[in-house]
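Some notes on the structure that comes next.
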Amino acid sequence: MAIESVDVVVTSPGRNFVTAVVTTSDGVVGLGDATLNGRELAVASYLRDHVAPTLLGRDESQIEWIWQYLYRSPYWRRGPVTMSAIAAIDMALWDIAAKKAGVPLYQLLGGASRSGLLSYAHASGTTVETLHEAIHGYLEQGFRAVRIQAGVPGLDQIYGVHDAAPGGTYEYEPAGRAAVGEAMRPTEETWDTAAYLRHLPSVFAAVREEFGGVLRLLHDGHHRMSPIEAARLARDLEPYDPFWLEDCTPGEDQSVLRLVRQHSTTPLAIGEVFNSVYDYQTLITERLIDYVRSSATHAGGITGLRQIMTFAGIYGIRSGFHGPTDVSPVGMAANLHLGLAIHNFGIQEYMPHSALTKTVFRTGYRFADGLLHPGDAPGLGVELDREEAAKHEYRPAYLPVNRLRDGSVHDW
Ligand code: KDG
Ligand code: MG
């Protein structure tokens, strides 16, 4: 059989998503996530204008061959736009292969290595009191691991920090967005690393005091520290037994994590903005990290992420796949199937999509007792309702940006 069409669906049910829809000559449809937060239309064009025409008529069962063809042949390799486009095609082809076999995708990836995937929720609060309320809320839902982010005195807006919405829900969406057809500029936030470093250890102390030692606590530094600042925070959090410290520095210079390692035994996680196994080469071979943060969506699909995890597994490094709302339900399902199958799974981020998003993407994955499971429908187990999708036009949307108190640009 052969690839008959590759459509690209851009939809915005609450936030923007880009989905590749691959249809075979015998009528099987596969879905792939190509959502790149704030750069959605660049990937949509890459897929529509440069990838789709080269795939028509090809044998859809040659998943590895097509991955290598899309990676090696255009001459220009890697980068988030390219790798998200490759990811979408790769996921769609795996979806098709599993649907044709009549099995959930994890069965084609080696079968289940576990009964479910330990997941963590995003708990946050502008004060320690509201943070505690959020953690209590997640514990009631069954979570056994939470990422904690808290307000810092003197700073108004910080990545990942918000109080519960009226009605008690903790859903939030970091990207701001414009009306249909309107332009927008990202909002600007003010950042002060010294204030953050002074405050955060006291937040961990208060949470341990309230919830005891068993609950797994994670934290995301969101790329904001210099190497020596990151080393200090990793050391200062050690007494509170963090599960991990994520993105303590920007990840481009892999060697800086040597310095962090010299000062601390706090486990480190990095990689949500990486897109290839080569971004991890030093980090993995020198065991400078403990968890791989990539998602199938941004790291070349199931084939690309599996390469990374096979390499990481040789060094005893585990997965902590990126699972924010900007990874679509299709991308999330890909993460879950791979996570269930690989030996070196660690933990899965779980930031549930809104009810509106789920009217467009119907998901089969389930959450119970702190564990996610991809479900047992054939393929990825996600359906795209194209009529519903068409009701939600693309709207420009961007993550905020950061400035230091003197106005200079800092990492967000
Ligand atoms: O698109 C960027 C978001 O996915 C990112 O800011 C979320 O850091 C994040 C996380 O750990 O989920
Ligand atoms: Mg992160």
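Computed 3J(HN,Hα) for the range 338-355, one whole-Hz value per residue from the Karplus formula 6.51 cos²θ - 1.76 cosθ + 1.60 where θ = phi - 60°, is 5, x, 5, 8, 6, 6, 9, 5, x, 7, 10, 6, 9, 10, x, 6, 6, 4, glycine and proline marked x.
The angle between the Cα long axis of helix 128-141 and the longest principal axis of the Cα atoms of the chain comes to about 40 degrees, rounded to the nearest 10.
Listed by chain and number, the lysines placed with their C-alpha closer than 19 angstrom to that of K358 are K391; residues fewer than eight positions away on the same chain are left out. When the helices of the chain are scored as -39500 (n - 2.57) per DSSP H run of n ≥ 4 and the total is divided over every residue, the value at 222 nm lands at -10000 deg cm²/dmol. Between G379 and K99, V103, L105, the built amide H atoms are under 5 Å apart, and every one of these is 5 or more places off in sequence or on another chain. As a length-normalised measure over Cα pairs under 8 Å and 6 or more apart, the relative contact order of the range 119-267 settles at 21 percent. Give the angle, between 0 and 90 degrees and rounded to the nearest 10, that separates the Cα long axis of helix 301-314 from the longest principal axis of the Cα atoms of the chain. The helix 301-314 is inclined about 50 degrees to the chain. Extension gain for the segment E238 to D253, taken as residue separation times 0.36 nm less the Cα-Cα distance, is 3.0 nm to one decimal.
Qualifying chymotrypsin sites (Phe, Trp or Tyr not before Pro) in the range 193-264, where qualification requires a DSSP coil assignment and no more than 10 other C-beta atoms within 10 Å, are lacking entirely. DSSP assigns beta bridges within the chain; of those with both partners inside it, close to 50 percent run antiparallel.
A Förster distance of 41 Å, applied to the separation of the beta-carbon atoms of R39 and R208, puts the FRET efficiency at 0.60.
Annotation: amide H-H contacts under 5 Å for G271 (H modelled 1.01 Å from N, sequence separation of 5 or more, or interchain): D247, R293.
Were the residues from E133 through S61 laid out at 0.36 nm apart, the gain over their Cα-Cα distance would be 21.0 nm. Between A112 and A2, the distance separating the two model label sites (each 7 Å from Cα on the Cα→Cβ line) works out to 4.0 nm. Within the listed set A97, A134, A194, the residue fluctuating most in the Gaussian network model of the chain (springs between alpha-carbon atoms under 10 angstrom) is A194.
When only Cα pairs below 8 angstrom with a gap of at least 6 residues are kept, the range 108-378 shows a relative contact order of 21 percent.
Our estimate of slack between A195 and A164, defined as 0.36 nm per intervening residue step minus the Cα-Cα distance, is 8.8 nm. Once both labels are positioned 7 Å from their Cα atoms along Cα-to-Cβ, the gap between R362 and E182 label points is 3.4 nm.
Relative to the longest principal axis of the Cα atoms of the chain, the long axis of helix 63-72 lies at roughly 70 degrees. The alpha carbon centroids of the range 71-107 and the range 8-45 are separated by 12 Å. The string of couplings for the range 227-234 from the Karplus curve (6.51, -1.76, 1.60, θ = phi - 60°) is x, 6, 5, 5, 4, 5, 5, 4 Hz, one whole number per residue in order, with x for Gly and Pro. Highest GNM mean-square fluctuation among A377, A87, A205, for the chain modelled with Cα contacts below 10 Å: A205.
Taken together, the values in this text are just the output of simple stated rules run on the coordinates, not laboratory data. Treat the numbers as computed from the prediction; the structure is a model and nothing was measured. Virtual Cβ from ideal backbone geometry, glycine too; neighbours counted across all protein chains shown.
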